[in-house]
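Since the structure comes first, as structure tokens, the remarks are kept for the end.
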Amino acid sequence: MKSMTSVRATFTTLRKFGTASTDRRKHESSRIGIIGVPFHKGQSNIGVEEAPSTLREIGLVKDMIALGHNVKDFGDTVSTDQGIRHDVPDKIKRLPDLALTCHQLSTMVQTVMSDQRKVLTIGGDHSIALGSVDGHVQAKNGEVCLLWVDAHADLNTANTSDSGHMHGMPVSLLVKELADYWPYLPGLDWQTPRLSVQNLAYIGLRSVDNYERLVIERFGVSAFGMEDIEKYGIHAVTTLALEKINPNGNKSLHVSFDIDSLDTLEAPSTGTSVRGGLTLREGVHIMEIAHRTGWLGAMDMVEINPRIGNSLQVKTTLEAATHVIKAAFGFSRSGHVPPHLERMPGYYAPLVNTDNASTQDGTSNMVIV
Ligand SMILES: NC(=[NH2+])NCCC[C@H](N)C(=O)O
Ligand SMILES: [Mn+2]
Ligand SMILES: [Mn+2]
């Protein structure tokens, strides 16, 4: 057993640095709505549309309820098959199905928020964020800030995209500063870009196309790539990004989390994986900070593809996504005292004399057994 002196020293050190274990994490329960979007036509890999059902099968809803939240599963958007339209730029020939899916999603997000719930949207590829963010912006009358956690900027237009994959374009459809760089898009009459690039920040970038870089520099977008995370650390980068996009703390936060922001080793089952990404710990910490701001209104989790990789790789990816989501909605790696224990002062009586945790000489009379 450690001597009392060393225990006292440890406790004092912990208290001085204010670690989570000495800083009581108050756990607030929330009302949460879950929406699935089984959509894959923003990219070329079949399977990403299976992620919503797969995450449900491994217990996502149960996990959220176990965090003490009031959780309602609003089901999935209805899949459509409008075929290919030839009156739109060739690179967005599958726009009709994206437009219909995102219109449904935007409406569902507004419905969930009108039920006083935070929204968790499970993709599907990242093009669906056009619907989830639009719904959030409409529900909050434009007072939204957007944190895009991704290896990619997803800032291409139909003219600048090399791949023609719409999951590389949602941000350019969401920000008003790029509205003039798009032709009229049939089927998207319901969507008006209202977000400003000033309220957009990226974390995790490491595969940015030339035109995307041009836009980031031209408009001064807050873009924190992996190099910035090497230099300053994930805590500083996340805190700075959030301060940039919501300086007055009055906007509702939307975090669009692309699982490929994590390193390939952490989340291999995704279609456009890029080495040198975030560790799972870094991804979790981004969401811990987002949660603790109290600003989080909605989160997307996208680009999980259960058909890519072997069973261990799929399991690894799904577990990573679950850890990130739970962090966003209050799971604390340091533990928390559930409300019923809060109401049991006697519970701590045998261990800590709480009315005088440290005696006059600064030593603690806490007995750790
Ligand atoms: N959400 C994603 N995984 N996006 C990948 C985009 C890759 C590339 N920048 C493109 O436009 O095709
Ligand atoms: Mn993305
Ligand atoms: Mn990506």
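Each value in this text was obtained by applying a stated rule to the coordinates, not by laboratory testing. Since this is a predicted model, take the numbers as computed values, not measurements. Virtual Cβ from ideal backbone geometry, glycine too; neighbours counted across all protein chains shown.
Working out 0.36 nm times the residue gap between Q82 and Y184, then minus their Cα-Cα distance, what length gain in nm do you get to one decimal?
Numbers: separation 102, 0.36 × 102 = 36.72 nm, distance 1.84 nm.
34.9 nm is the gain from fully extending Q82 to Y184.
How high is the FRET efficiency from V337 to T279, r the C-beta distance, R0 30 Å, rounded to 0.05?
Details: r = 28 Å, r/R0 = 0.94.
Computed FRET efficiency for V337 and T279 comes out at 0.60.
Just rank S44, S256, S127, fewest to most, by other beta-carbon atoms within 10 angstrom.
Values: S44 13, S256 27, S127 30.
The fewest-first ordering by Cβ neighbours comes to S44, S256, S127.
From the phi angles alone, apply the Karplus equation (6.51, -1.76, 1.60; θ = phi - 60°) to the stretch 292-308 and give each ³J(HN,Hα) in whole Hz, x where the residue is Gly or Pro.
6, 5, x, 8, 4, x, 7, 9, 10, 10, 10, 6, 6, 10, x, 9, 9
Which pairs in the list K118/K140; K118/K244; K41/K91; K62/K140; K62/K326; K72/K118 are over 18 Å apart, alpha-carbon to alpha-carbon? Intermediate results must be reported in sequence, preceding the final value.
On the way: K118/K140 12 Å; K118/K244 22 Å; K41/K91 12 Å; K62/K140 28 Å; K62/K326 11 Å; K72/K118 10 Å.
Exceeds cut-off: K118/K244; K62/K140.
Residue by residue through the stretch 206-217, what is 3J(HN,Hα) from phi via Karplus (6.51 cos²θ - 1.76 cosθ + 1.60, θ = phi - 60°)? Round to whole Hz and write x for glycine and proline.
3J(HN,Hα) across the stretch 206-217, in whole Hz: 7, 8, 10, 6, 4, 5, 5, 5, 4, 5, 4, 6.
Hey, got the Cα dimensions of the stretch 4-368 along the principal axes, in Å, largest first?
Rounded to whole Å, the extents work out to 79, 43, 39 Å.
May I ask you to list the trypsin sites (Lys or Arg not before Pro) in the stretch 22-128 that are in a DSSP loop and have at most 12 other Cβ atoms within 10 Å of their Cβ? Mind dumping the intermediate values first?
Details: sites: R24, R25, K26, R31, K41, R56, K62, K72, R85, K91, K93, R94, R117, K118; in loops: R24, R25, K26, K41, R85, K93, R94, R117.
Those that pass, being in a loop and sparsely packed, are R24, K26.
Which one, M169, H69, P193, projects farthest toward the positive side of the charge dipole computed for the stretch 4-368 from Cβ point charges (K/R +1, D/E -1)?
The Cα lying farthest towards the positive end belongs to H69.
Can you run phi through the Karplus equation (6.51, -1.76, 1.60; θ = phi - 60°) for the stretch 153-161 and list ³J(HN,Hα) in whole Hz, with x for Gly and Pro?
Once rounded to whole Hz, the list reads 8, 6, 10, 6, 10, 4, 7, 9, 6.
Within 10 Å of each residue's Cβ, count the other Cβ atoms and sort C102, C145 from fewest upward.
Working: C102 31, C145 26.
The fewest-first ordering by Cβ neighbours comes to C145, C102.
Compute the semi-axes of the equivalent ellipsoid of the stretch 82-132, taking the square root of 5 times each eigenvalue of the Cα gyration tensor, and list them largest first in whole Å.
Square roots of five times the eigenvalues give 26, 10, 7 Å.
Compare the Cα positions of S30, T322, T270 along the charge dipole of the stretch 4-368 (+1 at Cβ of Lys, Arg; -1 at Cβ of Asp, Glu; about the Cα centre) and return the one farthest towards the positive end.
Positive-end residue among those listed: S30.
Starting from the Cα of E243, step 7 Å along the direction of its Cβ; do the same at T293; then give the gap between the two resulting points in nm.
So the label points at E243 and T293 sit 1.3 nm apart.
List every residue whose amide H lies under 5 Å from the amide H of D73, counting only residues 5 or more places away in sequence or on a different chain, with H placed 1.01 Å from N in the peptide plane.
For D73, the qualifying residues are I34.
If amide hydrogens are placed 1.01 Å from N in the peptide plane, which non-local residues have theirs closer than 5 Å to the one on I203?
Excluding prolines and chain starts, which carry no amide H, the hits are W148, V149, D150, F224.
Between D115 and S196, what is the spin-label point distance in nm, taking each point 7 Å from the Cα along the Cα→C-beta axis?
Reported label-point gap for D115 and S196 is 3.4 nm.
On full extension of the chain, what length is gained from N141 through L312, given 0.36 nm per residue of separation minus the C-alpha to C-alpha distance? Don't jump to the answer; show the numbers that get you there.
Values: separation 171, 0.36 × 171 = 61.56 nm, distance 4.31 nm.
Extra length available between N141 and L312 comes to 57.3 nm.
Straight distance only, please: which aspartates and glutamates reach the Cα of K231 with their own Cα at less than 15 Å, same-chain residues fewer than 8 apart left out?
Counting by Cα, and skipping residues close in sequence, K231 has these aspartates and glutamates nearby: E282.
How big is the gap, in Å, between the Cα center of the stretch 177-217 and the Cα center of the stretch 254-282?
21
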